[in-house]
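Okay, so here's the structure we're looking at.
The numbers here are math on the coordinates, done by the rules we state, and not lab data. Small disclaimer: the values here were computed from a predicted structure and weren't measured. Here the Cβ positions follow ideal geometry from the backbone for every residue, glycine too, while neighbour counts run over all protein chains shown.
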Amino acid sequence: MTITDAAILDYVDAREAPRAPSGRIKLHGPEAFVGMRNAGQLAAACLDMLVPEVKAGVSTRRLDDLAREFILDHGALPACIFYRGYRHTICTSLNHVVCHGIPGDRALRDDDIVNIDVTAIVDGWHGDTSRMYAVGAPKRKAQRLMDTTYEALMAGIAVIRPGATLGDVGAAIQAKAHGERFSVVREFCGHGLGEVFHDAPNVLHYGRAGAGQVLKAGMIFTVEPMINYGAPGVRILSDGWTAVTKDKSLTAQYEHSVGVTEDGVEIFTRSPAGLDQPHALLAASA
Ligand code: MF3
Ligand code: CO
Ligand code: CO
């Protein structure tokens, strides 16, 4: 999501709070974790389903059709259709597209890398996740960028537990990216979610350890770093959605929806087929 506010936020019991985003951080109970597990698993299964479909000659519109049918066939709803005027089930962000790439007639070609981002609503709960897919065997440079972005996501998630801070998450992600001399996109961030798609807090993918909001059990949010091969700057195309790197450099993103537990973190959007990781995706689509 786009960063809109940087205020210091308060916490609220999600069961007593109005559903609408209020700027306060909701602390969810066990029933929310059940709902998020179901929604997260369906969204992840949708990305699994797409693995063999991502190949040269296939249009991004075809992938969008497949994702929409999969979600509807499972009695769920695609969260992005009609979201702020968006008309599609997935975002397909190719090569130098950072995020929010719009599915269309563009056919995939060998050497493309593409992020597919899907959000499914199951019983009112939002499962939001994205992964990178490679068309054909990726170049070393692309592989390194995808691997590092996945590692950055997982390093950010690894520090999540009650008492840690959002700054710890951002710092862990940033350290991975900078370790490979890549840059972190600053214009988009992770977000609280649950019965609301984009809620407080903003989850920045850079930051200082110890800074930012303290994590508490019951918080539910996404972590979704966008990492650029070149400079961090992005711009939005005239369609109002597509975000690209200003320098046209390659970019990658991975996203999980997670919840803070009493002793750590639960990842709701792990791949049921074990296809989360970049090399696993490759092996499965070879
Ligand atoms: N799934 C995206 C996210 O991670 C949001 C996409 S909004 C859309 O927050 F309208 F572009 F689909
Ligand atoms: Co998201
Ligand atoms: Co998403």
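Close amide-amide hydrogen proximity is noted between residue 26 and 12, each under 5 Å apart and 5 or more residues distant or on a separate chain (H modeled in the peptide plane; Pro and chain starts excluded). Sites listed here are trypsin sites (Lys or Arg not before Pro) in region 40-97 whose DSSP assignment is loop and whose Cβ has at most 15 other Cβ atoms within 10 Å: 55, 87.
Quick one: net charge of residue 258's neighbours, Cβ under 12 Å, K/R +1, D/E -1?
Numbers: positive: 37, 161, 270; negative: 128, 224, 255, 266.
Within the 12 Å Cβ shell, the charges total -1.
Computed on the Cα atoms alone, the convex hull of region 97-204 gives a volume of 126 cubic angstrom per residue.
Going 7 Å from the Cα of residue 208 in the Cα-to-Cβ direction, what parts of region 151-184 have a backbone nitrogen less than 19 Å from that spot? Taking a point 7 Å out along Cα→Cβ of residue 208, the residues of region 151-184 whose backbone N falls under 19 Å are 164-176, 178, 184.
What you get for the chain, charging only the Cβ of Lys and Arg (+1) and of Asp and Glu (-1), is a dipole of about 820 debye around the Cα centre. In the chain, the sites counted are GluC sites (Glu not before Pro) in DSSP loop states with at most 10 other Cβ atoms within 10 Å, and the longest stretch holding none of them, exclusive of the sites, is 17-261. Could you list log10 I(q)/I(0) for region 134-252 at q = 0.22, 0.23 Å⁻¹, which the Debye formula gives when each Cα is one point scatterer? One equal scatterer on each Cα of region 134-252 leads to -1.22, -1.27. Expressed in Å, the radius of gyration and Dmax of the Cα atoms of region 212-261 are 14.9, 41.
Taking 32 Å as the limit for the C-alpha separation, the pairs 55/176; 141/216; 176/216 exceed it in the case of 141/216. Roughly what angle does helix 60-73 make with the longest principal axis of the chain, taking Cα atoms, 0 to 90 degrees, to the nearest 10? Computed tilt is about 50 degrees.
Summing +1 for each Lys or Arg and -1 for each Asp or Glu among the other residues whose beta-carbon sits under 15 angstrom from that of residue 88 gives -1.
Taking a sphere under 14 Å around the Cβ of residue 184 and counting the other residues whose Cβ falls inside, with K and R at +1 and D and E at -1, yields a net charge of 0. Under 19 Å between alpha carbons, and skipping anything fewer than 8 positions from residue 26 in its own chain: which aspartates and glutamates qualify? Output for residue 26: 5, 10, 13, 16, 123, 128, 195, 199, 262, 263, 266. Shape summary: region 25-285 maps onto an equivalent ellipsoid whose semi-axes, from the alpha-carbon gyration tensor, are 26, 22, 16 Å in decreasing order. Label sites at residue 175 and residue 34, each approximated as a point 7 angstrom past Cα along Cα to Cβ, lie 3.8 nm apart.
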